[in-house]
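Participant: Before I ask anything, here is the structure I am working with.
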Amino acid sequence: MEAKPAAMEVEGVEAAGGKPRFRMPVDSDLKATEFWLFSFARPHMASFHMAWFSFFCCFVSTFAAPPLLPLIRDTLGLTATDIGNAGIASVSGAVFARLAMGTACDLVGPRLASATLILLTTPAVYCSSIIQSPSAYLLVRFFTGISLASFVSAQFWMSSMFSAPKVGLANGVAGGWGNLGGGAVQLIMPLVYEAIHKIGSTPFTAWRIAFFIPGLMQTFSAIAVLAFGQDMPGGNYGKLHKSGDIHKDSFVNVLRHALTNYRGWILALTYGYCFGVELAVDNVIHQYFYDRFDVNLHTAGLIAASFGMANIVSRPGGGLMSDWLSSRYGMRGRLWGLWVVQTIGGVLCVVLGVVDYSFAASVAVMLLFSFFVQAACGLTFGIVPFVSRRSLGLISGMTGGGGNVGAVLTQYIFFHGTKYSTDTGIKYMGIMIIACTLPIMLIYFPQWGGMLVGPRKGATAEEYYGQEWSEHEREKGFNAASVRFAENSVREGGRSASAGQSRHTVPVDASPAPVVGV
């Protein structure tokens, strides 16, 4: 039998009929089978860079206040309760917004959904410069925090652009580099404040002007998404719906298949105690080191920044680990990896709360903790793309929303008011991480198995994803994308299931039709 080409080759080499090829190797679903980090090849890598950068800017905006909190606190007369309530507000706004974003991605595509959300929340960032009361501070943090729902569009986007063997890495890097904003802002805002203050502004005025920087970043990112992003490898949703390449689904069907898939609920819970914990720490870590160890504002900012900056390697590392475990042990490897890494993160969190007597030990344990808790986020979204294809966006939204719910609960229970000292709250938070990670053991895919049980004999990925479509819909071919995804996910069965398969998954026979912007 004549061997088929492993993947589409480099742009510029003509295929039959003179149609241009993608610059990156792709599978039969046109998803990239390689990940070129420093490339802007359209549409795959260009969309990747738009996804992480827009999420990064939203993270900067959401957490622009904590680095300047000592100044804002004195200006507005904030109490410990006010600060705790605002911290809760900053992460609670995105709970339902992430669910809505997931649904919007399923129905209209990630490009339009992401840009719209970012532009709608940008005014709240600018309004941070004119607040005069604790209630106004709470409101701007609430509405700015809604922008974190752009995380869902970023993960949906990567799951639509990259094939199964690379989806964990793509999701990990996009999410990790976006989360990097939570660390970068700890450096950006104090530096911007100091620069404005040295020019001649009073502290009262300088911190207010500083908020224009994250506002401008967020505005620019939304424009860039619209200008350079593309929903799917084959084009934008509007074009694909008109051509019939993508079935225009209904909200009811998308919602039903997401809510009835228990795996999505479990991942929402566990994500609440990796990403949710990360959000809670972003809100308290600067003030904790400032108050507990009597360091200055700049030093506290550097320490807090190191927690978020670990995302440059930790979350991508988690995604890469997920893909590597999949290549050896299939989906069962992905599940075991998530449970082990997140549990270790919980143990380190407990240790962080115990070593509060030592500045050096606290910094060292915090760095280790940051790596494991953020890597768990990357491992989580190495699993999410396989839960559902018809409701991928909403499943991503449920998981992401679970992260915000976890942050709200953690912030309210352990860091609200004066019931617990911050170090005690951190210790109890670690115990909760360990407990809430256990349900991962309940996740089971009939075709691939779970942590403790192997796959069911005769079960296939085609059957699993086919259950989301009625017989009538299957006859009309509405499930074609799900079938292609199932074919390209053969490696999730482990080495024996994927023996002899190309590293590019299912090969293609010909180049696709020209895509605008390719």
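Participant: Being assigned to a helix (DSSP H, G or I), among the polar types (S, T, N, Q) and modelled with pLDDT under 90: is that true of Thr122 here?
Facilitator: no
Participant: Filtering segment 322-332 down to residues that are of a type in the set (Ser, Thr, Tyr) and open to solvent by less than 10 Å² (accessible area, probe 1.4 Å), which residue is nearest to Val167 (Cα to Cα)?
Facilitator: Ser322
Participant: Could you please let me know if Val341 is surrounded by 24 or more Cβ atoms within 10 Å (Cβ to Cβ) and over 29 Å from Cys105 (Cα atoms)?
Facilitator: Spelling it out, Val341 is indeed surrounded by 24 or more Cβ atoms within 10 Å (Cβ to Cβ) and over 29 Å from Cys105 (Cα atoms).
Participant: State yes or no: is Ser90 closer than 30 Å to Asn296 by Cα and assigned to a helix (DSSP H, G or I)?
Facilitator: yes
Participant: Can you go through Ser160, Ser243 and tell me which one is small (Gly, Ala, Ser) and touching a residue at least 24 places away in the same chain (Cβ under 8 Å)?
Facilitator: Ser160
Participant: Return yes or no: is Ser135 within 30 Å of Pro43 (Cβ to Cβ) and either open to solvent by 20 Å² or more (accessible area, probe 1.4 Å) or assigned to a helix (DSSP H, G or I) (or both)?
Facilitator: no
Participant: What pairs can you find where one residue is in segment 404-423 and modelled with pLDDT under 85 and surrounded by fewer than 22 Cβ atoms within 10 Å (Cβ to Cβ), the other is part of a helix (DSSP H, G or I) and of a type in the set (S, T, N, Q), and their Cβ atoms are less than 7 Å apart, with a gap of 6+ or different chains?
Facilitator: Gly417/Thr81
Participant: If you go through segment 424-476, how many residues are of a type in the set (A, V, I, L, M) and open to solvent by 40 Å² or more (accessible area, probe 1.4 Å)?
Facilitator: Total meeting the criteria: 9.
Participant: Looking only at segment 29-43, count how many residues are buried (at least 20 other Cβ atoms within 10 Å of the Cβ) and in contact with a Lys or Arg (Cβ under 8 Å, 6 or more places away or on another chain).
Facilitator: 5
Participant: In addition: Looking for something in contact (Cβ under 8 Å) with a residue 12 or more places away in the chain, within 30 Å of Gln132 (Cβ to Cβ) and either outside any helix (DSSP H, G or I) or not assigned by the TED database to the domain that holds Arg73 (or both) - is there at least one such residue anywhere in segment 199-221?
Facilitator: Within segment 199-221, one or more residues are in contact (Cβ under 8 Å) with a residue 12 or more places away in the chain, within 30 Å of Gln132 (Cβ to Cβ) and either outside any helix (DSSP H, G or I) or not assigned by the TED database to the domain that holds Arg73 (or both).
Participant: Would you check if Leu338 is part of a helix (DSSP H, G or I) and within 30 Å of Gly450 (Cβ to Cβ)?
Facilitator: The answer is yes for Leu338.
Participant: Let me ask something else about it. I'd like to check something: does segment 160-168 contain any residue that is closer than 25 Å to Ser28 by Cα, open to solvent by 10 Å² or more (accessible area, probe 1.4 Å) and either outside the structural domain of Ser90 (by the TED database) or touching a strand residue (DSSP E or B) at 6+ places or on another chain (Cβ under 8 Å) (or both)?
Facilitator: Looking through segment 160-168, at least one residue is closer than 25 Å to Ser28 by Cα, open to solvent by 10 Å² or more (accessible area, probe 1.4 Å) and either outside the structural domain of Ser90 (by the TED database) or touching a strand residue (DSSP E or B) at 6+ places or on another chain (Cβ under 8 Å) (or both).
Participant: Of all residues in segment 173-198, which are within 22 Å of Ile131 (Cβ to Cβ) and buried (at least 16 other Cβ atoms within 10 Å of the Cβ)?
Facilitator: Answer for segment 173-198, where residues must be within 22 Å of Ile131 (Cβ to Cβ) and buried (at least 16 other Cβ atoms within 10 Å of the Cβ): Gly181, Gly182, Val185, Gln186, Ile188, Met189, Pro190, Val192, Tyr193, Ile196, His197.
The values are calculated or read from the model by the stated rules, or taken from the named source; none is laboratory data. Everything numeric in this text was worked out from a predicted model, so none of it was measured. Positions of Cβ are backbone-derived with ideal geometry, glycine not excepted, and every protein chain shown enters the neighbour counts. The accessibility values were calculated without ligands, DNA or RNA, using every heavy atom of the protein model including side chains. Shrake-Rupley method; radii C 1.70, N 1.55, O 1.52, S 1.80 Å.
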